[in-house]
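The next block holds one structure in the form of structure tokens; read it before the comments.
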Amino acid sequence: MQRNKMSYKVSQFLMFAGPAGLLFVGTVIIPFLYGLYLTFTSWDGISRTKPFVGFENYASTFADTAYWQAIGRTLIYSIFSVILINIVAFALAYLVTSGVKGQNFFRAGFFIPNLIGGIVLGYVWKFVFNRAFVAVAESLGQRNAASLLSTTNGAMFCLILVSVWQYAGYMMLIYVAGFMSVSESLKEAAMIDGCTPAQAMQNVTIPLMRSSFVQCIFLSITRCFMVYDVNLSLTKGEPFNSSVMAAMHVFNQAFTYKNYGTGQAEALILFVICAIVGVTQVYIGKKGEVAA
Amino acid sequence: MIKMKKFLALALSAAMTAGILAGCGSDGSTNGGSTGGSTSGNGATITILNSKMEIQEQLEKMAESYGKSKGVNVEVYYSSDTIAAHLSTRYASNEPYTISMVDAKDVYSLAKEHAVDLSGEDWVKDTTEAISIDGKVYGFPVCVEARGIIYNADAIKAITGSDFDPASVKTLDDFNKLLSDLKAGGMAAPTGIMKEDWSLAAHFLAEVYEQQADPDAFIKGLHDGTTHMADDAIFNSMMDTFDALKANNYAEASAISAEREVTEQKLAEGELAFMFGGNWDWSVINQYDYSDNMGIMPVPQNGSTDANTKLVGGGSKYFFIDSSSNTSDEQVQAAKDFLNWMVYDSEGQSFLVNECALVPAFSNITLAVSDPLGASVKTYADKGALIGNYNYLPDDHYSKLGAAFQEYLANKTDRAGFGAAIDSYWQAATLSEH
């Protein structure tokens, strides 16, 4: 058999990639295109007819102030979360690779929050914020202590805190891999040349870990932009719909308010925003990558 | 050797595909199905969507025994999703339920396209709560539910020393006097408020529309900008009562993070005396060590209407039968038989009233309702003292005005501000045609 023949290569490719590719097209590409079509209809999500309305849904998307408020809120939430997640994850990774006693135990421990589903996690923290913190505050002598979740800024703070707690362990693993990939000899050479440990970290280790940063920031950005589960179970958009993130607004618009077409259009715009941010970040990050 | 490798490669890619496919398995997270019964008889299988969580267990048991005795296969499903959202996924996949339990507003939005005309059924003459559109009956009322102030008579008696007669508290002045007596007697905060948007906007605020002589005209006035909420007598009267509830709220400082379960537990155990709610709250209250004498009374008001002698409510949760080609004639017939069974068969009646503890919407059912809140509702329903539900509120009403109401509850806005928020909501809203 001729291994360099085109037909052989194609059949080999199809054998491996074909089934998965087919499923990918069936479950991601086709629904995406169908969704695109739905943005041009005024379908309510359940009716048999899907009246064509042109760009009306996009017009109402741009006129939907609640949507843009939700996007703005998501941006603020994402900026804080992404920065904090990565700082905490990097610090944890440094800690558990520096040779402290029982570091494998700590690695597992920090990772565990990520194994709990977002919905459960939200309910657990809701209990902590609403009952545990309030009880502690009251036992410390504060009368009529109110839950953090009952104020606008408090709810946002809680969301960020829980997200950081949830994702820091996961990102830590990627940073741990990054730390391990930097060879000891390079660090040693830098130290012999007179670097302090901090300088070695700044000038040798961090530049060599750049790909870890790119990955972690990309993952945390996309996850924060699309946050839904924690949002639903922790705050449910309350108080006063002031913690409704973009994804939750899209869901409400499409399913609860039964404006499926508008919801779909809003989802598409959210996707575009998210894609632009993510791709830009990866492009900038990759450009300055150095090879060891 | 090459053959061996090729085989391995194929096996590997097959395994990978299987792995991917496994991810697409049907999700069992929110929908638990249960099958019961043999398939003798005409062998039809009917599927029922239940949207009342508290009767899921009873329905599953019924499915089994009903299926066995009637020779049909009954499958009961439950979803905690928004009903319309859940049904849309089922319709999108061409797998509608034979019978779906939905809210009244869903019947209005779905029935014309998706429901079987039930006008010819016997039970139509025995109920006033069925939903018909353009003269055709589509919705079978599962039960009657009504809203008002839930009271704990034992807790009140423990302080005042005399039996509590809800009829003695008709006006807000009476109510305020009783509240201050209770406080003087040692109950620190006699009321609780559910901060949930559906309770505030879909239940409490909705009473303002429902108590109007002509709710449609009132809402049209709000929409056209000719009526202003803050000027409305009923709105002000209801909000006066709400202020009394708010001022005596046990969770005054954290009113908008008070949890429903905690509030109802306190009410059940007599730590509180009053809470605005409805007879569906019994399914929460009965989880706790509840007092024997509880009930629902009309919202006390000083206004000039007779609304303070009536509860607000009516048929709640409706069954409709799917009319699409996915449901066969045998299935439709089996579904109709099932509805008749609940109304006319003594076992069916007992299932509805005794096991599910629902207030029946049919005049021929005379079984006594066991839970105290349901019993209150039945008393009012029997004497015709129910103000009907207004079922045409837009889908985003409860969420958007619920948020505005929460701001009022948290003292972020005053009554004028809240009224203005309601005005601007209605001016921008699209009114449903009916």
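The values are calculated or read from the model by the stated rules, or taken from the named source; none is laboratory data. All values reported here derive from a predicted model rather than from experimental measurement. Cβ placement follows ideal geometry from the backbone for every residue including glycine, while neighbour counts extend to all protein chains displayed. In case anyone asks, the SASA skips ligands and DNA or RNA and just uses the protein heavy atoms, side chains included. Shrake-Rupley method; radii C 1.70, N 1.55, O 1.52, S 1.80 Å.
What are the residue pairs meeting all of these: first residue in the stretch A:196-207, first residue assigned by TED's automatic domain parsing to the domain that holds A:Thr97, second residue of a type in the set (Ser, Thr, Tyr), Cβ atoms under 9 Å, and 6 or more apart or on different chains?
A:Met201/A:Tyr94
Considering only residues that are of a type outside the set (A, V, I, L, M, F, W, C), within 17 Å of B:Val332 (Cα to Cα) and at pLDDT 85 or above, which ones fall in the stretch B:43-60?
If the condition is that a residue be of a type outside the set (A, V, I, L, M, F, W, C), within 17 Å of B:Val332 (Cα to Cα) and at pLDDT 85 or above, then B:Thr45, B:Thr47 are the ones that fit.
For a quick check of your reading: which helices (runs of 4 or more DSSP H) sit entirely within the stretch B:309-408 and have at least 3 residues that are small (Gly, Ala, Ser) and open to solvent by 10 Å² or more (accessible area, probe 1.4 Å)?
Answer list for the stretch B:309-408: B:372-382.
Within the stretch B:91-106, identify whether any single residue is within 12 Å of another protein chain (Cβ to nearest Cβ), assigned to a helix (DSSP H, G or I), in contact with a strand residue (DSSP E or B) (Cβ under 7 Å, 6 or more places away or on another chain) and open to solvent by less than 30 Å² (accessible area, probe 1.4 Å), and answer yes or no.
Looking for residues that are within 12 Å of another protein chain (Cβ to nearest Cβ), assigned to a helix (DSSP H, G or I), in contact with a strand residue (DSSP E or B) (Cβ under 7 Å, 6 or more places away or on another chain) and open to solvent by less than 30 Å² (accessible area, probe 1.4 Å), one finds none in the stretch B:91-106, hence no.
B:Val137: within 14 Å of another protein chain (Cβ to nearest Cβ), over 30 Å from B:Ser291 (Cβ atoms) and open to solvent by less than 20 Å² (accessible area, probe 1.4 Å), yes or no?
Spelling it out, it is not the case that B:Val137 is within 14 Å of another protein chain (Cβ to nearest Cβ), over 30 Å from B:Ser291 (Cβ atoms) and open to solvent by less than 20 Å² (accessible area, probe 1.4 Å).
Do any residues in the stretch A:23-49 that are within 11 Å of chain B (Cβ to nearest Cβ) have Cβ atoms under 6 Å from those of residues that are surrounded by 19 or more Cβ atoms within 10 Å (Cβ to Cβ) and assigned to a loop (DSSP other than H, G, I, E, B), where the two are at least six apart or on different chains, and which pairs are they?
A:Asp44/A:Lys258; A:Gly45/A:Lys258
When you go through B:Ala251, B:Ala307 one by one, which is the residue that is touching a residue at least 24 places away in the same chain (Cβ under 8 Å), among the hydrophobic types (A, V, I, L, M, F, W, C) and within 23 Å of A:Tyr123 (Cβ to Cβ)?
Testing whether each residue is touching a residue at least 24 places away in the same chain (Cβ under 8 Å), among the hydrophobic types (A, V, I, L, M, F, W, C) and within 23 Å of A:Tyr123 (Cβ to Cβ) leaves just B:Ala251.
Going by the structure shown, is A:Asn259 open to solvent by 20 Å² or more (accessible area, probe 1.4 Å) and either over 21 Å from A:Asn86 (Cβ atoms) or more than 14 Å from chain B (Cβ to nearest Cβ) (or both)?
Spelling it out, A:Asn259 is indeed open to solvent by 20 Å² or more (accessible area, probe 1.4 Å) and either over 21 Å from A:Asn86 (Cβ atoms) or more than 14 Å from chain B (Cβ to nearest Cβ) (or both).
For the stretch B:409-434, enumerate the residues that are within 12 Å of chain A (Cβ to nearest Cβ) and buried (at least 18 other Cβ atoms within 10 Å of the Cβ).
B:Leu409, B:Ala410, B:Thr413, B:Phe418, B:Ala421, B:Tyr425
What helices (runs of 4 or more DSSP H), lying completely within the stretch A:173-254, carry at least 1 residues that are open to solvent by 40 Å² or more (accessible area, probe 1.4 Å), of a type in the set (Ser, Thr, Tyr) and more than 30 Å from B:Ala403 (Cβ to Cβ)?
Qualifying helices (runs of 4 or more DSSP H): A:184-192, A:210-225.
Inspect the stretch A:104-120 for any residue being among the polar types (S, T, N, Q) and open to solvent by 80 Å² or more (accessible area, probe 1.4 Å) and give the result as yes or no.
yes
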